[in-house]
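We did not get these values from a lab; they are worked out from the coordinates using the rules stated. Note that the coordinates shown come from a computational prediction; the quantities given were computed from them, not determined experimentally. Here the Cβ positions follow ideal geometry from the backbone for every residue, glycine too, while neighbour counts run over all protein chains shown.
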Amino acid sequence: MRASACERLARRPLTGHWFRALRLRHWSSRLSTDQSRTSRSRFSAASPSNPLFRILYLGETHQVAVHEVGALLGDPNAPVANPKGSWAILSLSVVLEQVVDLTDSTQQRIIRTNQSELTGNWINYAGVSPTQHLGEALYHLPGLVGFIFGSSKVPANCLAIFPDKLSASSSVTFDNEMTGRTERMN
């Protein structure tokens, strides 16, 4: 993978609804991503001793979101519910000025990667994984607020958003049906 070529990736706006699976114990902080600053993930090498950027992961459907967080396990056509914990699914409205689409093979060629590398299991990788290097490079691109990538669990897409880079013309909102209010990520 060649993360140094990220500045050549095509950018486009993105508007639509994406989904977040959230453990019920985190309901009070439903739009928070503060924990991601110190939590290692697919596109971030953060740790408590090395805090990094905030990142929000979303799925293109309810099912993608619950598979990605491990609330549903096994074959996507015959999933098994994970009995550990209860989950809520949030439908979030996103309006993003600049995203890159890493599911596009033309874009993958620019950074010399492929779907297999982007969806690989890097959990036991010693050091910073290629996808974590990529996440860092994308975060540092001026104006870029997110990127689309393939799910590693089901044949579908996910979206990663950098909340700290949301501008006045980009937003992530949640229409809270319980309060009747629209909540905005900041």
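Rounded to the nearest Hz, the phi-derived 3J(HN,Hα) couplings of the stretch 120-133 under the Karplus curve 6.51 cos²θ - 1.76 cosθ + 1.60 (θ = phi - 60°) are x, 8, 9, 4, 9, 5, 6, x, 8, 6, x, 5, 5, 4, where x marks glycine and proline.
State the label only: which of (1) 16.7, 56; (2) 18.4, 68; (3) 16.0, 47 corresponds to Rg and Dmax of the Cα atoms in Å computed from the shown model? Structure-derived value, by its label: (3).
Which of rounded, prolate, oblate describes the stretch 1-55, given a ≥ b ≥ c as roots of the alpha-carbon gyration tensor eigenvalues and a/c under 1.5 marking rounded, otherwise prolate only if a/b is larger than b/c? Since a/c reaches 1.5 but b/c is at least a/b, the shape of the stretch 1-55 is classed as oblate. Between Ala88 and Arg8, the distance separating the two model label sites (each 7 Å from Cα on the Cα→Cβ line) works out to 4.5 nm.
When you count, for each residue, the other Cβ atoms within 10 Å and take the mean per peptide, how do 45-57, 174-186, 155-167 rank with the highest first? Each step should come with its number before you reach the end.
Values: 45-57: 16.4, 174-186: 11.5, 155-167: 19.4.
So the peptides 45-57, 174-186, 155-167, ranked by packing, come out 155-167, 45-57, 174-186.
In order along the stretch 137-143, the Karplus-derived 3J(HN,Hα) couplings, from 6.51 cos²θ - 1.76 cosθ + 1.60 at θ = phi - 60°, round to 5, 5, 4, 7, 6, x, x Hz, and Gly and Pro are given as x. With the highest mean first, a sort of the peptides 65-78, 128-141 on other beta-carbon atoms found within 10 angstrom per residue produces 128-141, 65-78.
Here's the picture: a label point sits 7 Å out from the Cα of Asn176 along the beta-carbon direction, and within the stretch 61-94 the residues with their amide nitrogen under 20 Å of it are 87-94.
Multiplying the sequence separation of His62 and Ile123 by 0.36 nm and subtracting their Cα-Cα distance, what value in nm do you get?
Numbers: separation 61, 0.36 × 61 = 21.96 nm, distance 2.39 nm.
Length difference between fully extended and current span is 19.6 nm.
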